[in-house]
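Colleague: This is the structure, below, for whatever I ask next.
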Amino acid sequence: MSTSESVAEITRSFLTLELVAKNPSMMAKIHIPASIETEFELGEPDKTRRRRELDSSSTLPTSFPPSGAEQPSMGQNPFGPYSWPMYSGQCFLCPAGVPGRDGRDGRDAPTSLQAEKPISPSDDEDQVRPVGTPTSLPGVIYTRWGNDVCPEDAELIYSGSIGGAHYIQTGSGSNYLCMPDEPIYDEVTASKDEHRAKLYTSEYEVHTAPSRIQPMHDHTPTCAVCRAPSNRTRKLMIPARNVCPSQEWRLEYAGYLMAEKYEHNRSEFVCVDREMVPKAGTMGNENGALLYMTEVRCLVGGGLDCGSYIDGYEITCAVCTI
């Protein structure tokens, strides 16, 4: 058969397959000349044919039926489970088989004329990206008790003075607050009400503290709310130490551990800056929320051993960020 005749036969076969795809009942009426088989087998590489024959677990024939032979019934594939040789794509009449091995020698390569482009993260606009980067994470926020100025490189959010509950009143809150200098009110009543929580300004009670600190007695302590430099996302208050654990930590400030007097209602322990900057013009014994130095009490023999702690020594503290 000449080349032009082979091309004509193949073209007619494609048209026949298209009709079969639309009307499978025509399968029993298909007659495929034996010359097509010869042309296909001569054009198929030996390596591909051997691999196809080894991979196939079916006993169906792997070549065209000779001309005039009994045609297969509908649903049978005369060319074996591999595929129709003249149909570039998945066989639409083949029985389902077990998954095969990965393709080789370009057999399963993309048929598109344009090569597939790998997807890079920059091309995917819908990709979820982290909120912050190692250079843009916001620093942790902390309160600097006893000083209205933030340390170097830290951002001042607001400053004010320390407030809290009265030392003899059992209600209200037990924590200290950094109260802004300029409050903002909403709906108010002009009269006082005794059935409410009460907030008082604080005072230093340091007349028995080291001599450098004693001038702060009865003054109202200041405070500042600060944001640490970028990437310092954790804070730690260390009692009984005025340095940070290692050089990886940044010392925001150091000072003394202070709280209410042991006979008063309980408050919280806070780390007060060792400079103890007072609020100007607040000298007076008004009392309210009070701040006393803290010292250790321990027993020698028969109780908790003091170890390195000494009775009567003022406890230091440090606020560190990392």
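A short reminder: the numbers here are calculations on the coordinates, not readings from a lab. Model, not experiment: these values are computed from the prediction. Virtual Cβ from ideal backbone geometry, glycine too; neighbours counted across all protein chains shown.
Colleague: In whole Hz, what ³J(HN,Hα) sequence does region 205-221 give by Karplus (6.51, -1.76, 1.60; θ = phi - 60°), x for Gly and Pro?
Modeller: 10, 10, 5, 10, 7, x, 4, 5, 8, 4, x, 7, 4, 6, 7, 7, x
Colleague: For a footprinting-style exposure proxy, rank Leu236, Leu257 by other Cβ within 10 Å, fewest first.
Modeller: By the 10 Å Cβ count, ascending: Leu236, Leu257.
Colleague: Residues of region 148-184 with the amide nitrogen closer than 13 Å to a label point 7 Å from the Cα of Asn287, along Cα-to-Cβ, please.
Modeller: 166-170
Colleague: Would you please give the residues with an amide H less than 5 Å from that of Arg274, counting only those at least 5 places away or on a separate chain, with H modeled from the backbone geometry?
Modeller: Long-range HN contacts for Arg274: Ala254, Gly255, Tyr256.
Colleague: Can you sort Glu9, Glu260 from fewest to most other Cβ atoms within 10 Å of each residue's own Cβ?
Modeller: So the ranking, lowest neighbour count to highest, is Glu9, Glu260.
Colleague: Can you compute the modelled spin-label distance between Leu251 and Asp193, with each label point 7 Å from Cα toward Cβ, in nm?
Modeller: Going by the 7 Å Cα→Cβ label model, 4.8 nm.
Colleague: While we're looking at this one, here's another question. Given a Förster distance of 35 angstrom, what is the FRET efficiency for Arg266 paired with Ser230, based on the Cβ-Cβ distance and rounded to 0.05?
Modeller: 0.40
Colleague: With θ taken as phi - 60° and the coefficients 6.51, -1.76 and 1.60, list the Karplus ³J(HN,Hα) couplings across region 172-177 in order, rounded to whole Hz; mark glycine and proline as x.
Modeller: 6, x, 9, 9, 8, 10
Colleague: Scan around Tyr158 for amide H atoms under 5 Å from its own, H built in the peptide plane at 1.01 Å from N, and keep only partners 5 or more places away or cross-chain.
Modeller: Here the answer is Val225, since their amide H atoms fall under 5 Å of that of Tyr158.
Colleague: Using a 10 Å cut-off around each Cβ, can you sort His217, His207 from fewest to most neighbouring Cβ atoms?
Modeller: So the ranking, lowest neighbour count to highest, is His207, His217.
Colleague: With each pseudo-label sitting 7 Å past Cα toward Cβ, what's the Ala280-Ile168 distance in nm, one decimal?
Modeller: 3.3
Colleague: Using 0.36 nm times the number of residues separating Arg241 and Arg297, minus their current alpha carbon distance, what extension gain do you get?
Modeller: Net length gain for the segment: 18.4 nm.
Colleague: Amide H neighbours of Ser267 under 5 Å, counting only residues 5+ apart in sequence or on other chains, H built in-plane at 1.01 Å?
Modeller: Glu260
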